[in-house]
Amino acid sequence: MSQSSILALSSQLEQVLLGKPQQIKLAITCILAKGHLLIEDLPGMGKTSLSQGLAQSLGLSHQRIQFTSDMLPADILGVSIFNKEQSQFVFHPGPIFRQMVLADEINRASPKTQSALLEAMAEHQITVDGVTHPLPSPFFVIATQNPSEQSGTFPLPESQLDRFMMRISIGYPDKVAELAMLKGMDLSPQINTLPQRLDPLALREAQNEILDVKASDALLHYILALIESSRQLQEGFGLSPRASKALLHAAKAWAYIQGRNYVVPEDVQAVFPSVAEHRLRSTSQQQGEALSLKLLSSVNPIL
């Protein structure tokens, strides 16, 4: 993939979500690294707009699923219904059978319904009534969630959080961006008509090229030092082996976006908060942010 393609994709998304170039860059990094993305923030911050803009710009089949407290796993995965003519049960696929699934307000569903996504996110397949069904390729989940302090939410279990490669928070827009939005300069109302900037084939090619981005032994030891230090913390949870792989893949994707075929410590530092914060915390989002900054400041790269 050319740098001009990535630039065009970023520029288009920056018109959907005004004044948030860093969050957009992290979201693109996550997709290029074959990861699932969690967007966590207050209602009305543009979480869904960014999700829909990504799906439209990447040319992927997509489906928005609004999670609610009364939703059942079958509402997501699908269900087997008996067909009298064939005298057998026939599987009717649910909305998860898309290349990009936008799980809107995922933490408003019960833990049982949330867990329906575990197999899909980890293995890109689902099992219903003992039968395994492969999901489309590529397959991504972009989930949005409101802060757990809000009423009507169920916290995502650690096993679910760990399957999201990265988590980003959008935050309030600055005054300039919000003024432009009030003047109608953002493209949020026209998301469904955004031009396609990439196709699935180009996306897969870029993902394969990212696998060839080089990481030196010294760089790998730096990543391991961050992971090991997280496991020595008295508060929060230590980072899992899945997290260490996610950190490396995200750093490679970040380096690729910068136009390099090798990873430097700054790439790791750029993506570390988004990869680590939701895995580290045992209570609030603020705890995860504090712990990730603590780890970055205490572990020095020796290259």
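Output the residue which, of all residues in region 102-118 that are within 18 Å of the chain's Cα centre (by Cα) and surrounded by fewer than 16 Cβ atoms within 10 Å (Cβ to Cβ), is farthest from A55 (Cα to Cα).
In this case the residue turns out to be S115.
Does T153 meet the test of being modelled with pLDDT under 85 and surrounded by fewer than 16 Cβ atoms within 10 Å (Cβ to Cβ)?
Numbers: modelled with pLDDT under 85: yes; surrounded by fewer than 16 Cβ atoms within 10 Å (Cβ to Cβ): no.
When the stated conditions are applied, T153 does not pass them.
Consider region 166-205. How many of its residues are open to solvent by 30 Å² or more (accessible area, probe 1.4 Å), part of a loop (DSSP other than H, G, I, E, B) and out of contact with any Lys or Arg (no Cβ under 8 Å at 6 or more places or on another chain)? Write out each step before concluding.
Residues of region 166-205 that are open to solvent by 30 Å² or more (accessible area, probe 1.4 Å), as a first pass: 169, 172-176, 178-179, 181-185, 187-190, 192-193, 195-197, 199, 201, 204-205.
From what is left, the residues that are part of a loop (DSSP other than H, G, I, E, B) are 169, 172-174, 183-185, 187, 195-197, 199.
Adding the requirement that they be out of contact with any Lys or Arg (no Cβ under 8 Å at 6 or more places or on another chain) leaves 169, 172, 174, 183-185, 187, 195-197, 199.
Qualifying residue count for the region: 11.
Give just the number: which of (1) buried (at least 19 other Cβ atoms within 10 Å of the Cβ); (2) in contact with an Asp or Glu (Cβ under 7 Å, 6 or more places away or on another chain); (3) over 23 Å from Q56 (Cβ atoms) does D162 not satisfy?
Unmet for D162, out of (1) buried (at least 19 other Cβ atoms within 10 Å of the Cβ); (2) in contact with an Asp or Glu (Cβ under 7 Å, 6 or more places away or on another chain); (3) over 23 Å from Q56 (Cβ atoms): (2).
With the requirement that a residue be open to solvent by 20 Å² or more (accessible area, probe 1.4 Å) and among the small types (G, A, S), what does region 119-142 give you?
Scanning region 119-142 gives A122, G130, S137.
Assuming Q22 fulfils every condition listed in (1) under 16 Å from the mean Cα position of the chain (by Cα); (2) open to solvent by 10 Å² or more (accessible area, probe 1.4 Å); (3) modelled with pLDDT under 90 apart from one, which condition is it?
Tallying (1) under 16 Å from the mean Cα position of the chain (by Cα); (2) open to solvent by 10 Å² or more (accessible area, probe 1.4 Å); (3) modelled with pLDDT under 90, Q22 fails exactly one: (3).
Mind checking which residues of region 25-34 are in a loop (DSSP other than H, G, I, E, B) and surrounded by 22 or more Cβ atoms within 10 Å (Cβ to Cβ)?
The answer is A33, and nothing else.
Where in region 57-137 are there strands (runs of 3 or more DSSP E), lying fully within it, with 2 or more residues that are within 24 Å of D162 (Cβ to Cβ) and β-branched (V, I, T)? Before you say what the answer is, go through the steps one by one.
Values: elements: 62-66, 78-83, 88-93, 100-104, 125-128, 131-134.
Correct list: 125-128.
Among the candidates A276, A250, A255, A225, single out the residue that is in contact with a Phe, Trp or Tyr (Cβ under 8 Å, 6 or more places away or on another chain) and either small (G, A, S) or open to solvent by 30 Å² or more (accessible area, probe 1.4 Å) (or both).
Numbers: A276 fails: in contact with a Phe, Trp or Tyr (Cβ under 8 Å, 6 or more places away or on another chain); A250 fails: in contact with a Phe, Trp or Tyr (Cβ under 8 Å, 6 or more places away or on another chain); A225 fails: in contact with a Phe, Trp or Tyr (Cβ under 8 Å, 6 or more places away or on another chain).
Matching residue, one of A276, A250, A255, A225: A255.
Just to be sure I understand the filter: pairs with C-beta atoms under 9 Å, separated by 6 or more residues or on different chains, first member in region 177-200 and at pLDDT 80 or above, second member surrounded by fewer than 11 Cβ atoms within 10 Å (Cβ to Cβ). Which pairs pass?
P200/S137
What do you reckon, is L239 over 16 Å from the mean Cα position of the chain (by Cα), free of Cβ contacts under 8 Å to residues at least 40 places away in the same chain and either buried (at least 18 other Cβ atoms within 10 Å of the Cβ) or within 22 Å of P95 (Cα to Cα) (or both)?
no
The values are calculated or read from the model by the stated rules, or taken from the named source; none is laboratory data. These numbers were taken from a predicted model, which means no experiment stands behind them. Don't worry about glycine lacking a Cβ; one is built from the backbone with ideal geometry, like all the others, and counts go over all protein chains shown. Accessible surface is based on the protein model in full, side chains and every heavy atom, while ligands, DNA and RNA are left aside. Shrake-Rupley method; radii C 1.70, N 1.55, O 1.52, S 1.80 Å.
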